[in-house]
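Input: a single structure, listed below in structure tokens.
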Amino acid sequence: MSYQNTFITVADDCPVETGTTPPVRGETPSSAVLQYELLSKSPYKHTEKELIMIVHVTRLGLTSAELKALHGARPRPAAENFLRAATDDPGVLDRFADWIDRLAIADPELAAIRAALITLFEAGAGAAPIDRAGLSLHLSRSGLERAAARVTRWEKDTKPPGRKGRQGNSPEPNLGEWQALMTRQVVLPAIREELAELSLAAARGDDAAFARFQALSREARDIEARAREAKLDDDAQDENEADGPPRLTA
């Protein structure tokens with residue numbers, strides 16, 4: 001890793017008594033699982049930057065030629081906004097961590113930020129929420145100063161997504177409305193951004209990109225429909241609460 005001549009101890013407020021291996025969820029191993037496998041099989045071999053890049057390439061299944069091509073890909077502002085929202089609002093990371101983990105991000109700095117977010121999220125059950133300061137500090141201590149500086153340059157939203165008049169962008173108490181807003185304003189733009197790149201690759205004859213484009217398009221339509229249904233359910237509940245309890249008639 002990137003630490004040198006450093007003795008790292010467990011924090012006094014650590015919520016667990018013993019360390020555990022990252023859990024395997026689904027068929028595709030998470031970044032944390034791949035990092036653990038690399039580190040346990042080859043301790044002291046990789047720096048933090050090397051580890052993140054190896055895991056990123058492994059998850060995408062890229063060859064060296066494909067990796068070079070991706071480094072010239074267009075900027076991904078919607079993906080960066082997704083990561084920023086996940087850092088600022090713990091509800092986003094809690095409900096959309098799987099989508100964040102699956103995004104194809106070629107930018108090494110964004111890939112490092114995403115990997116750090118997922119690592120902190122999976123290791124921090126029951127601990128304090130992740131914030132920009134904690135994320136930037138984690139990246140700096142990992143030797144990823146450029147990624148840490150990028151986090152500190154993020155602008156603060158003057159009006160975060162949420163119901164008019166509410167403080168902050170917490171998913172409570174109106175979960176359906178919050179989820180619909182986050183899906184439309186944060187999640188779907190990042191997915192559509194990736195779909196645009198996949199469409200270009202598919203047009204050049206990339207069969208794998210075409211297959212992923214089709215699968216991702218179906219999933220995007222599904223989550224948009226679920227968000228719409230959740231908002232409709234919440235709207236109906238709000239109307240019922242506004243009408244008050246049913247009245248007895250003679």
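The values are calculated or read from the model by the stated rules, or taken from the named source; none is laboratory data. On a predicted model such as this, the values are computed, not experimentally measured, just so you know. As a convention, Cβ positions derive from the backbone with ideal geometry for all residues, glycine included, and neighbour counts pool all protein chains shown. These accessible areas exclude ligands, DNA and RNA; they are computed on the full protein's heavy atoms, side chains included. Shrake-Rupley method; radii C 1.70, N 1.55, O 1.52, S 1.80 Å.
Some notes on this structure:
- The range 174-204: trypsin sites (Lys or Arg not before Pro) in DSSP loop, at most 16 other beta carbons within 10 Å: Arg204
- For Arg132 and Glu229, the difference between the fully extended length at 0.36 nm per residue and the C-alpha to C-alpha distance is 31.7 nm.
- Accessible area per residue in Å² at 1.4 Å probe, computed on the range 1-45: 90 Å²
- In terms of accessible area, using a 1.4 Å probe and ignoring ligands and nucleic acids, Ile105, Ile54 rank largest first as Ile54, Ile105.
- Stretching Ser140 away from Val16 to a fully extended chain increases their span by 42.2 nm, per 0.36 nm per residue minus the current alpha-carbon distance.
- Annotation note: chymotrypsin sites (Phe, Trp or Tyr not before Pro) in the range 83-152 located in DSSP loop regions with a Cβ neighbour count of at most 11 within 10 Å are absent.
- Coordinate range along principal axes, alpha carbons of the range 86-125, Å, largest first: 27, 16, 16
- Counted by Cβ distance under 11 Å from Ser136, the other residues give a net charge of +2, where Lys and Arg count +1 and Asp and Glu count -1.
- Taking every protein chain into account, the 1.4 Å probe leaves Leu175 with about 60 Å² of accessible area, to the nearest ten.
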